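Worksheet: one structure, shown below.
The values are calculated or read from the model by the stated rules, or taken from the named source; none is laboratory data. In this text, all values refer to a predicted model and were calculated from it rather than measured experimentally. Counting neighbours? That spans all protein chains shown, and the Cβs are built from the backbone with ideal geometry, glycine included.
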Amino acid sequence: MLQDRELPQPGVGELLVEVRAAGVNPFDVKFRSGRAGTKIPLPAGLGSEVSGVVAALGEGVDEFEVGDAVLTLVPIGNGGIAEHVVVKADQTVAKPEDLSFQAGVEATGARFVASGPGFADRVRELAPQGVDLVVDLVGGEVLHEAAQLAKSPDLVISADDPTVVELGGSMRAHDLDAMASITSVMAYGLVDPNITATFPLERAAEAMAAVESGHATGKTVVVVA
């Protein structure tokens with residue numbers, strides 16, 4: 001449910017970002033339902049990654065200026081699916097000029113394979129010897145099925161499910177340098193985020209429902225401006 005709120009103000013080491021686009025992820029669904037394992041009281045804002053323009057600087061921030069286009073992770077509960085959001089400057093990188101705001105909130109010759117029944121078989125048809133890396137964003141049954149496709153258990157990384165460790169893999173660590181690197185190769189056209197659905201802010205609930213359904217086959221984005 002959308003609601004009006006006072007314009008938030010950035011504190012020490014923070015930025016106020018005027019949001020242009022916000023990604024909707026399985027984590028948002030878990031957080032909304034109270035299954036994310038956080039202690040933040042609900043209801044709270046949703047949306048953990050955004051692209052936008054710096055609208056104000058908090059004390060001690062000197063690496064950005066008002067008007068800079070940025071990509072950033074949103075502190076849990078601050079809610080990136082909004083017109084403005086406060087974020088940490090040290091979790092923010094500059095958006096490459098040639099990268100759209102929508103693409104920023106997420107082709108190397110990689111092939112996209114939809115999850116669902118027969119997922120593992122479809123991957124094996126493309127890579128009968130196994131895959132070089134499994135990066136899981138949803139956890140659960142999909143993770144366990146995908147993990148079997150890796151050439152080695154240590155090639156499995158999850159951003160969502162701690163049980164990946166039991167499979168011999170590891171959890172993803174947030175790395176600002178890595179985020180800057182991937183946005184650079186996206187700007188060069190070497191990587192293309194698989195954005196399959198966009199919704200305006202007033203239809204954010206539909207975007208969340210699309211991800212919650214489990215049938216979203218690519219990136220779902222809320223376009224704010």
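When you look at Ala94, is it hydrophobic (A, V, I, L, M, F, W, C) and more than 24 Å from Pro162 (Cα to Cα), yes or no? So Ala94 passes the test.
Which members of segment 64-74 meet the condition of being at negative phi and out of contact with any Asp or Glu (no Cβ under 9 Å at 6 or more places or on another chain)? Steps first, please.
Looking only at segment 64-74, we keep the residues that are at negative phi, and these are 64-66, 68-74.
Within segment 64-74, Phe64, Glu65, Val66, Asp68, Val70 meet the criteria.
Restricting attention to segment 134-152, the residues being at pLDDT 80 or above, surrounded by fewer than 14 Cβ atoms within 10 Å (Cβ to Cβ) and among the hydrophobic types (A, V, I, L, M, F, W, C) number 0.
Taking Glu65 as the residue in question, decide whether it is modelled with pLDDT of 95 or more, under 20 Å from the mean Cα position of the chain (by Cα) and of a type outside the set (A, V, I, L, M). No, not satisfied. Identification of strands (runs of 3 or more DSSP E) wholly contained in segment 27-91 with 1 or more residues that are farther than 23 Å from Asp161 by Cα, in the same structural domain as Ala207 (by TED's automatic domain parsing) and of a type outside the set (A, V, I, L, M, F, W, C) yields 49-57, 84-88.
With respect to Met179, determine if the residue is at pLDDT below 85 and farther than 25 Å from His144 by Cβ.
Details: at pLDDT below 85: yes; farther than 25 Å from His144 by Cβ: yes.
Answer is yes for this residue.
Looking only at residues in segment 92-104 that are closer than 22 Å to Leu57 by Cβ and buried (at least 19 other Cβ atoms within 10 Å of the Cβ), the one that is modelled with the highest pLDDT is Thr92.
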